[in-house]
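Worksheet: the structure to be examined is printed underneath.
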Amino acid sequence: MMKRLLLSALLGLAACGGPQTPATVTTADAWCRPTPNGARAGACYLTLTASADDRLVGAATSRAGEIQIHEMTTDNGVMKMGEMTDGLPLSQGEAVALEPGGVHLMLIGLTGPLVAGETVPLTLRFDKAPEVVVQAAVRQATGGHAGH
Ligand SMILES: [Cu+2]
């Protein structure tokens, strides 16, 4: 009897990293583009890595009425952006970068301009992992495409 209990405890340990482990998502390099005075919308970017297959389903901030997950696409040479209404899929262990010219968090209905040097709190919601609060630094883009 004791032996069987011990064995199942060991099996439980061995399963760590498998589907029984609570999913978590880590974030890196969270930043937002400064906005001109009077702008009603702004964009924020970061890199997400999920410990298990997951999905970014939404985000919120005290600095704007809502956040949408947007994707930039090029259609006949014209840049467009649209809301990813099903969220952003995250594959286990794969770093997914939200960056200018690609997927971004669109802050809509800003309470005020985003000023370089300050931070913006972002609450990220996932399908499985617990929500994550990250402080995004407001700064100019360091390279890559100009977004919007
Ligand atoms: Cu957008």
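List of remarks:
- Enumeration of residues in region 45-58 that are in contact with a Ser or Thr (Cβ under 8 Å, 6 or more places away or on another chain) and either outside any strand (DSSP E or B) or open to solvent by less than 10 Å² (accessible area, probe 1.4 Å) (or both): Leu46, Leu48, Ala50, Ser51, Ala52, Asp53
- For beta carbons closer than 6 Å, sequence separation of 6+ or different chains, a first residue in region 25-41 that is among the hydrophobic types (A, V, I, L, M, F, W, C) and a second that is part of a loop (DSSP other than H, G, I, E, B), the qualifying pairs are Val25/Ala129; Trp31/Arg139; Cys32/Leu114.
- Filtered residue count, region 89-133, keeping only those that are over 16 Å from Glu66 (Cα atoms), open to solvent by less than 40 Å² (accessible area, probe 1.4 Å) and of a type in the set (A, V, I, L, M): 6
- Residues (open to solvent by less than 80 Å² (accessible area, probe 1.4 Å) and more than 12 Å from the ligand (Cβ to nearest atom)) located in region 65-75: Gly65, Asp75
- Scoring Val78 on the criteria (1) open to solvent by 40 Å² or more (accessible area, probe 1.4 Å); (2) touching a residue at least 24 places away in the same chain (Cβ under 8 Å) leaves a single failure, condition (2).
- Scan of region 27-58 for residues that are basic (Lys, Arg) and over 16 Å from Leu122 (Cβ atoms), ordered by number: Arg40, Arg55
- Taking region 134-147 as the range and being open to solvent by 60 Å² or more (accessible area, probe 1.4 Å), at pLDDT 95 or above and under 29 Å from Thr74 (Cα atoms) as the test, only Arg139 passes.
- As for region 62-76, it holds no residue that is in a loop (DSSP other than H, G, I, E, B) and within 12 Å of Ala43 (Cβ to Cβ).
The values are calculated or read from the model by the stated rules, or taken from the named source; none is laboratory data. Note that the coordinates shown come from a computational prediction; the quantities given were computed from them, not determined experimentally. Note that each Cβ is placed from the backbone with ideal geometry, even for glycine, and that neighbours are counted across all protein chains shown. Please note that ligands, DNA and RNA were not included when accessible areas were found on the heavy atoms of the full protein model with its side chains. Shrake-Rupley method; radii C 1.70, N 1.55, O 1.52, S 1.80 Å.
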